[in-house]
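A short write-up of the structure that comes next.
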Amino acid sequence: MPVPWFLLSLALGRSPVVLSLERLVGPQDATHCSPGLSCRLWDSDILCLPGDIVPAPGPVLAPTHLQTELVLRCQKETDCDLCLRVAVHLAVHGHWEEPEDEEKFGGAADSGVEEPRNASLQAQVVLSFQAYPTARCVLLEVQVPAALVQFGQSVGSVVYDCFEAALGSEVRIWSYTQPRYEKELNHTQQLPALPWLNVSADGDNVHLVLNVSEEQHFGLSLYWNQVQGPPKPRWHKNLTGPQIITLNHTDLVPCLCIQVWPLEPDSVRTNICPFREDPRAHQNLWQAARLQLLTLQSWLLDAPCSLPAEAALCWRAPGGDPCQPLVPPLSWENVTVDQVNSSEKLQLQECLWADSLGPLKDDVLLLETRGPQDNRSLCALEPSGCTSLPSKASTRAARLGEYLLQDLQSGQCLQLWDDDLGALWACPMDKYIHKRWALVWLACLLFAAALSLILLLKKDHAKGWLRLLKQDVRSGAAARGRAALLLYSADDSGFERLVGALASALCQLPLRVAVDLWSRRELSAQGPVAWFHAQRRQTLQEGGVVVLLFSPGAVALCSEWLQDGVSGPGAHGPHDAFRASLSCVLPDFLQGRAPGSYVGACFDRLLHPDAVPALFRTVPVFTLPSQLPDFLGALQQPRAPRSGRLQERAEQVSRALQPALDSYFHPPGTPAPGRGVGPGAGPGAGDGT
């Protein structure tokens, strides 16, 4: 819709030079070119498909420079739209290829080559415009006579009138030929903004001031402008002027843009992106960025705006030491990382594998590098550097180098990464630590035996000593925490990460959690049936509890067993412990032995407790995280008193579980409810356009 002249004059100023902009009459686009050239504009727009660069068959016309100029397209004397005129300067690039052997082709070949050299050149030049929310492409046909064809020389220009754009918008322009022989030209033009849309700061808040008349109805939209893909709406509302919209400084990110338009048919929309250089917006962007592990060798950096950053794999020893880079480094193109740098400053550092591998262990990381002719070398990562194996150094890894190499060859080490340049392995150290302390424990036992003999000489003292010893054993067992075996159905990788997060959170409590995610090495060696039987027997003998974590896949497997009594052949994978566990879990329920030793659980929004088969509801079934306090109470020792810290522990587990729940129920790329900005933000606040 044409913009009233007084608004244009406010935006463009009252300079005679500005007010004397050329006026175009009529809605039709047009084109004209330099003297000597002929050109025409296609009647309709075309698809914006640049295509790949192809070799030039000889001399071709190519765009060399883009030049823009503001003009006015007027429907009436005082109702005009701001329009962008574009001039594309052209030159002749390329050359004719000489025949390899002119004598071979003779005079006939000479006459055949001479004819195209004296011919005119034609080109189809594409102009592509993008100004949110509008994008279009036009095609210009240009012909240059043979007299003007000079290699490497400019032949003139072709002018397009014109592309309409809103006041305050940013117009991106690309130009290339069809087919495309060279990289496309690009140019960005910022149009003047209206003075009645202003951004001001007030402490921690930011005000959007819209100084328009009381009768003016307009729409206001906040969105994230994306380099790739469509913009992401954040908030929209229809208002009546004047208005002052308040934003919290934590809502600011560099790609947050504002769009304003009058509520009239075919109105022109004004867009500004005022926070691109705001330091607070860039700080908020990194605070909102998250690294997410997709598989063991792929990751995703999720952020509201595009982020130029460099990612690197690093390692960290238990104890909170700084994350150190791998030396020598693995290839970084597609490596799973846990730190991200921007402008040589560390911005993010996360341990992405924690939920998949369980709590931190005292393992040794072995870095394998591969060279030409199948040459490879191994070194152990330590705080002092990467110690070559075998080595005569005095470090811990060097002393155990022979045993580590044997474990690697026998398959006892877990491979974390593998590519053409090298691999990364995690080798357990617990058995070597046990060997070192074996003599110390033997000495302690001998000392305890001698002390017992001395105390037995005095019977009165012996009774008191035995009473104290019994109390120490009981307190030690309580300090160790109750054993908990977590069983689940591996429905998908996202649910496995959710289970890993729950198990990691429970480990922070006085619980000893066992889950197949953290025992893949033993599970592969023993088989799922043998592994589960051993874990179940040990858990129940120690007075522990078996947790059945129900999901849609688990309910389907239970229903299948209850109907048929057997599982379909080949229907499960090598690590499916839940299916293997049903062979002895069901007898415990059928014979009434489950109460007191089993509990059930399921996640809110994923499964309703009523969907669990009735046989398994003979034990308590809790929904998480809404019933976390009752769930944690059921995991305590049967005769243990109710701890006053139970609610505090439930909140601790809920906080640790929430990021995994958000990632599962709101995958990256989908806006989470309640995260809109501006007044009235919440579910559905960004649905307006």
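Numerical summary
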{"read-out": "Mean Cβ neighbour count within 10 Å, used as a protection proxy, ranking 210-221, 56-67 highest first", "value": "56-67, 210-221"}
{"read-out": "Label-point separation in nm, GLU310 to ARG399, each point 7 Å along Cα→Cβ", "value": "3.8 nm"}
{"read-out": "Relative contact order of the range 169-240, pairs being alpha-carbon contacts under 8 Å that are 6 or more residues apart, as %", "value": "19 percent"}
{"read-out": "Protection-proxy order for peptides 606-618, 42-54, each taking the mean of Cβ atoms within 10 Å per residue, highest first", "value": "606-618, 42-54"}
{"read-out": "Euclidean distance between Cα centres, the range 204-260 to the range 378-420, Å", "value": "57 Å"}
{"read-out": "3J(HN,Hα) from dihedral phi, the range 513-523, Karplus parametrisation 6.51/-1.76/1.60, rounded to Hz, x for glycine, proline", "value": "9, 10, 8, 5, 4, 9, 10, 5, 5, 5, 5"}
{"read-out": "Rounded to the nearest 20 debye, dipole of the range 195-276 from Cβ charges on Lys, Arg, Asp, Glu", "value": "360 debye"}
{"read-out": "Accessible area of the range 485-635 divided out per residue, in Å², using a probe of 1.4 angstrom", "value": "40 Å²"}
{"read-out": "Computed E for ARG136/ARG605 - FRET, C-beta separation, R0 45 angstrom, nearest 0.05", "value": "0.55"}
{"read-out": "The range 170-226 - accessible surface per residue (Å², probe 1.4 Å)", "value": "49 Å²"}
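The values are calculated or read from the model by the stated rules, or taken from the named source; none is laboratory data. Nothing here was measured: the structure is a model prediction, and the numbers come from that model. Glycine gets a Cβ as well: all are built from the backbone with ideal geometry, and neighbour counts include every protein chain shown. What goes into the accessible areas is simple: the full protein's heavy atoms, side chains included, and nothing from ligands, DNA or RNA. Shrake-Rupley method; radii C 1.70, N 1.55, O 1.52, S 1.80 Å.
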